[in-house]
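Undergrad: Dropping a structure here in structure tokens format, bear with me for questions.
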Amino acid sequence: MEKFFWAFVVGGLICVIGQIMLDVFRLTPAHTTTTLVVVGAILGGLGLYDPLIKFAGAGASIPICSFGNALVKGALAEAKTYGLIGVLTGIFEVTSAGISSAIIFGFMGALIFKPKG
Amino acid sequence: MSSQKNKKLTPIQQEYQAFAKEREPKKRVGRNILRAFFIGGIICTIGQGLQMIFIKYFNFTQTTAGNPATAILIIATVILTGIGAYHKIAQFAGAGTIIPVTGFANTVASAAIEHRSEGFVLGVGGNMFKIAGPVIVYGVFSAFVVALIKITIQWLGGM
């Protein structure tokens, strides 16, 4: 039950940061998400993002900054076993599920649904 | 609008800028932040629930349960986008629906559906990552740089 609470609070807070970037700093949604992804990658490199996931579960792994962290994690894990080339082969290792399913189901959506308005 | 930018404008244009700024609808930042917190939190809580279901009933571990949970959230988002419901939630929730992975799936699905009329190859295929592309480009490049820096530091014997 505690896990749900922290997922809600931390996930909500990350969205609040995004909302502040949209409203106060007047960034576009694309700028906001790219900034958060880069921040996630840097936090991942510093080893700070995984403790956050351990603490908040989906509250840290569902927001888009976890995408940056997962890219770094995949690259570093493969680099450990295969050397430098692992950075290139491993970068999509962890995030593959998210990207592939977005492409596959996004395409299926385009087959089924007609544009609105 | 910075004053430096204003200097290049004629007095009439400056007058118009002031006029436009006055008429600009006031953004209710406090209300938007509350909504983003609430909806964003709910989406993450649903994700947490899905992860727990996959751990409990489908023999996933703490680290691998994120994948099927993300996939389910993405499928749900594509359906909600297709029937036009995601757009309505997003208007209410702002960043609460943009920041979670569902926002990424929504941009992919909505771009794909929207450009269907331009054909399936150039329309759907070509535009699918029109909005979601920057996230992947900057994510991958920054991850590449971060990984190289970390590997170099480890190689030099630090960390």
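Undergrad: Could you tell me whether the range A:70-91 includes any residue that is in contact with a Phe, Trp or Tyr (Cβ under 6 Å, 6 or more places away or on another chain), more than 7 Å from chain B (Cβ to nearest Cβ), under 19 Å from residue B:145 (Cα atoms) and modelled with pLDDT of 90 or more?
TA: No, the conditions are met nowhere in the range A:70-91.
Undergrad: Looking at A:45, A:68, can you tell me which residue is in contact with a helix residue (DSSP H, G or I) (Cβ under 8 Å, 6 or more places away or on another chain) and either more than 17 Å from residue B:104 (Cβ to Cβ) or in contact (Cβ under 8 Å) with a residue 40 or more places away in the chain (or both)?
TA: A:45
Undergrad: Further question: Give the number of residues within the range B:82-98 that are in contact (Cβ under 8 Å) with a residue 60 or more places away in the chain and either more than 22 Å from residue A:37 (Cα to Cα) or not in a helix (DSSP H, G or I) (or both).
TA: Counting residues in the range B:82-98 that are in contact (Cβ under 8 Å) with a residue 60 or more places away in the chain and either more than 22 Å from residue A:37 (Cα to Cα) or not in a helix (DSSP H, G or I) (or both) gives 1.
Undergrad: Between A:77, A:60, A:7, which is more than 16 Å from the chain's Cα centre (by Cα), more than 29 Å from residue B:114 (Cα to Cα), in a helix (DSSP H, G or I) and not charged (D, E, K, R)?
TA: A:77
Undergrad: Another question, then. Residues being over 21 Å from residue B:66 (Cα atoms) and at the interface with chain B (Cβ under 7 Å from one of its Cβ atoms): count how many of those fall in the range A:1-19.
TA: Matching residues across the range A:1-19 total 3.
Undergrad: Condition first: under 8 Å from the mean Cα position of the chain (by Cα) and within 7 Å of chain A (Cβ to nearest Cβ). Now tell me which residues in the range B:90-102 satisfy that.
TA: B:95, B:98, B:99, B:100, B:101
Undergrad: Output the qualifying pairs, or none if there are none: Cβ atoms under 8 angstrom, residues six or more apart or on different chains, first residue in the range B:69-81 and more than 7 Å from chain A (Cβ to nearest Cβ) and in a helix (DSSP H, G or I), second residue surrounded by fewer than 20 Cβ atoms within 10 Å (Cβ to Cβ) and among the β-branched types (Val, Ile, Thr).
TA: If the second residue must be surrounded by fewer than 20 Cβ atoms within 10 Å (Cβ to Cβ) and among the β-branched types (Val, Ile, Thr), the pairs left are B:80/B:89.
Undergrad: Quick check on the range A:44-53. Is at least one of its residues among the aromatic types (Phe, Trp, Tyr) and either crowded, with 24+ Cβ neighbours inside 10 Å or facing chain B (nearest Cβ under 8 Å) (or both)?
TA: Scanning the range A:44-53, I find at least one residue that is among the aromatic types (Phe, Trp, Tyr) and either crowded, with 24+ Cβ neighbours inside 10 Å or facing chain B (nearest Cβ under 8 Å) (or both), so the answer is yes.
The values are calculated or read from the model by the stated rules, or taken from the named source; none is laboratory data. Only a predicted model underlies this, so the values are computations on that prediction, with no experimental measurement involved. Note: ideal-geometry Cβ built from the backbone for every residue, glycine included; neighbour counts use all protein chains shown.
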